[in-house]
Each structure stands twice: as structure tokens, then as C-alpha cells.
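As C-alpha cells, the structure follows; a few thoughts come after it.
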Amino acid sequence: MIARVISTLGSVTQGVLSGRNSLHGLLQGLVCQIMVQGINVLTGVIVARLLGPDGRGAFVVMTLWPQLLSILLVAGLPVATIYNLRHHPSESANTAGALVVFGAIGVLAGGLIGQLLIPAVLTRWPADVVATSKTLIWFLFINIFTLLLRPCFLVKGDFRTYNALFLGPPATYLLLLLLVWGTVGLTALNASLCLLVSGLPVLTWGVTKVISANGISFSHVAIWLKRLSSFAISAGSADALVVCFNFADRLLLASLVKPGELGLYVVALSLARLLMLVPSSVSAVLLSSMSGTEREHIEELYHYSVRFGFWALLLLAVPLLALGHVAIVTVFGQDFAGAVPVFRILVVDSVVNCLTQIAAQSLMALRKPKVVSLSEAAGTTVAITLLLVLTPTFGLEGTAAALVYGSLTRASVVFGTLHRRCGVKLPSLLPGRADVAFIRNRL
């Protein structure tokens, strides 16, 4: 009996390390996301402790733009890559060539947009912060090509490389932070540089793997640009709205509040977003598993994933709410005590947001990306409108409450459409024997 248990555990561990099927890939991704979030907490503590609320706010402003614009400019392309490679697996080289062209266009467009957008938004910030932000925007090329590279490995079931592309940048960032801190001391500028260049080593490694495995071809690039863009346009609108929803608070706060208040808000947000490790690991593997499958299989995976997500979120959210005050004051210092009320509201927002993100993958698999786009548009509109109304009156708590209302709007559209228009049964949140059997069979 003991030998059998040990043998089973050994087999599961080996499967998780190798990511040999979708469930092992999901578990590997979950472990990877836990490690990433742990590193993010550690780097966030280092930056907050050494820079204080004002420095933390300046750091956010200088690093916000490459992250925001890179995700916006490739919105829909990762999903389009997965979908098209699932249906045309022999066209990897042509797909890679099209992605290189898309990436180059995105870098040029993002840099130019940043030069215009940054000074228009940062009207209350010192001139040196604005000038630095305009220079650092060009580092978005690392983010853009990394985002385009990941799905090439995911669709082939190479979960180990896919997850390494997630883990590599934060691990490198931590090492760079410690090196700079121990040598010249940490400032908002060199901390920003550490973050922005941290993805370059793993990006270089990933590109060499793609070239050695499949090569890159530009012989039919026009055809693949059209194929990818046609799907990305419909799916990308949803992705773009998700990005707008996720970044709207910091963008608007950058023009509405003082640097110290922005620093408090970002600390609260970073802790609450620890919950995002659940949909980040579930959704990527889920969409890949659902694409090109029958409706019954999609509905089955939808039920399992929502149940798994709910209980995983519950196990994470309860300790966060109970220990949030102690954690913030102890870890970040008394200067960040003002972040506690905002943090509690943002935990609620994260739970709703996570479950909606998991459920939305089913709509994408059912080829209803426009509904996802509609939900994002509705949620973003509600959130931004209420943010502009509530923030001046209620401060940071008003900002957090606006995000909750926006997330509830998105959830009502996504779950309502699946239930009423698609005829998909609402999932039970209580686990049963079928869940245990499902997991046992996949392991």
C-alpha cells in the first residue's frame, strides 16, 4: 500500500515536472504562478521598503507604460495563435514569421503612442519623471515579443518552456534588484530598469528554441497576417478591454492623486492580485484544451474549472482578509497602513474577476469572443465612470469600490450568456465524486 502511494506520488511529480498532459500542465502552471507571485511579493516589499510611498508611486508611473501598451498592442494575437496552430499545426514557421512582423509594428506604434500619451496623462508629475517615462517606453519590445512567443509553446503542449517564460523574468528581476541594492543603492529609476530588462534573457532563450525547432518563415507572411488578424480583431477587443479594465485605476489615479497615495494603492493592489494566480494557471491550459473540441467536453471542463477556481480562491482569500492588516504593516511598514481598507475591497474584486476570467474561456472556445468583448466593455465603462465619480469623494476606497461594480457587471454578462443564450448549465460549486475521478484519471 505504502509502496503504491509512493509510486503514484512519484508518477504525479514526474508528470507535473514534465507537463506531459493538460492537467499536469495546469498543476505545473499553478506551482509556477505561486512561485511568481511569491517573488513579486518579495520584490514589491524590497521596492516599497527602500523607496517609501512616494518612491513606489514614481516607480509605478515609470514602469506602467511599457506593460500597458505592450499588452494592448498584441491583444488577441496570443489567442489567435493558439486557435490557428490548433487547426494548422504544420504552419509553425509561417506563424512565427507573421508574429515577428506583428511584433515589430507593435514596438514602433507603442513607442510613438507613448511619446504622446505620457505627458498628456502625467500633468501633475515632475518633468524628470515624465522624461524618464518617455525613454523607458521603448523597453516594451521585450514584453511584446514575450507575449507573442508564449502561445507557440503552449499549443504544442510544451508546458515546461511556457511556464519558464513566466517564471524567468520575475526571478531575474529579483536578482537584479538585490545586485543593484547591494552595490549602488536602489532608486525609482534603477529599480524600473531592473524590472524592464528582466525579461530579456528568457526571451532570447525562447526565440532560439523556436528557431531551432521550427524556424521562422516569411514566404507566406501576408496570408498568415490576414489569418491571425481576422481572429485577433474579434478576440482582441475583449483582451484590450480587459487590459483597460485592469490598468484604468492606476492610469486615472496617476492624474488624480498624489504620488504617495498611488504608492499605497499599488501595494494594496499587488497583495489582492495574488489571487490572480488561479485564473492565470487555469485559463491558459483551459483554452488550449477546449479549442477544437466538442460542446459536451467544453461544458464539462467549464464546470470542473469553475469549481476548482472557486475553492482555490476561497482558500486563498480568507487568509488574506484575516491577516491583511498584520501583513501590510509588518512587511511594508507603518507608512503603508493606509492601504489596508483598500486592500480588503480589492480582495473581493479579485475573487469576482478571477471566476469571470475562468468562465470567459468557455465563451472563447464556443467561438463567442464578441460576448466576452461586450462584457469587458460593459464592465470597463461602469468601472471608469464610477471611478471618476467615487474617487474624488471617497478617495482610494472609492476607486476600489468602482472596480468591484465593474467586475460584477462583467460577471453578470459572462455567466448570464453561458446560461441563457448558450444553454450551458450553471456549475455546482460543491465538489463530488466525479471531480475526484476526473482528477485521478488525468493524473
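What follows is calculated from the coordinates using simple rules that are stated; it is not laboratory data. What you see is a predicted model; the values in this text were computed from it and never measured. Neighbour counts are summed over all protein chains in view; Cβ atoms, including those assigned to glycine, are modelled from backbone coordinates with ideal geometry.
Projecting label points 7 angstrom from Cα along Cα→Cβ for Leu315 and Leu388 puts them 4.3 nm apart.
Straight Cα distances below 25 angstrom link Lys258 to the lysines Lys134, with same-chain residues fewer than 8 positions distant left out. Whole-Hz Karplus values for region 122-128 come out as 8, 6, 9, 9, x, 4, 5 Hz, taken residue by residue from phi with 6.51 cos²θ - 1.76 cosθ + 1.60 and θ = phi - 60°; glycine and proline positions read x. The calculated FRET efficiency for the pair Ser217 and Leu256, based on their C-beta separation and a Förster distance of 41 Å, comes to about 0.25. The lysines within cross-link reach of Lys156, meaning a Cα-to-Cα straight distance under 23 Å and a gap of 8 or more places when in the same chain, are Lys209, Lys226. For region 348-416 versus region 70-124, the spacing of their alpha-carbon centroids is 24 Å. Label-to-label distance for His419 and Leu112 is 4.7 nm, based on points extended 7 Å past Cα in the beta-carbon direction.
Rounded, prolate or oblate: which fits region 185-247 when a ≥ b ≥ c are the square roots of the eigenvalues of the alpha-carbon gyration tensor, with rounded for a/c under 1.5 and prolate only if a/b beats b/c? List each step's numbers first, then the result.
On the way: a/c = 3.82, a/b = 1.32, b/c = 2.89.
Cα axes put region 185-247 in the oblate bin.
Once a ≥ b ≥ c are taken as the square roots of the eigenvalues of the Cα gyration tensor of region 310-443, is the result rounded (a/c under 1.5), prolate (a/b larger than b/c) or oblate (a/b not larger than b/c)? Because a/c hits 1.5 or more and a/b fails to exceed b/c, region 310-443 counts as oblate. Phi angles across region 252-260 convert, under the Karplus curve 6.51 cos²θ - 1.76 cosθ + 1.60 with θ = phi - 60°, into 3J(HN,Hα) values of 6, 5, 4, 9, 10, 10, 6, x, x Hz, Gly and Pro given as x. Using C-alpha pairs below 8 Å separated by at least 6 residues, the relative contact order for region 19-442 is 23 percent. Each peptide in 317-329, 102-114, 242-254 receives the mean, over its residues, of other Cβ atoms within 10 Å, and ordering these scores from highest gives 242-254, 102-114, 317-329.
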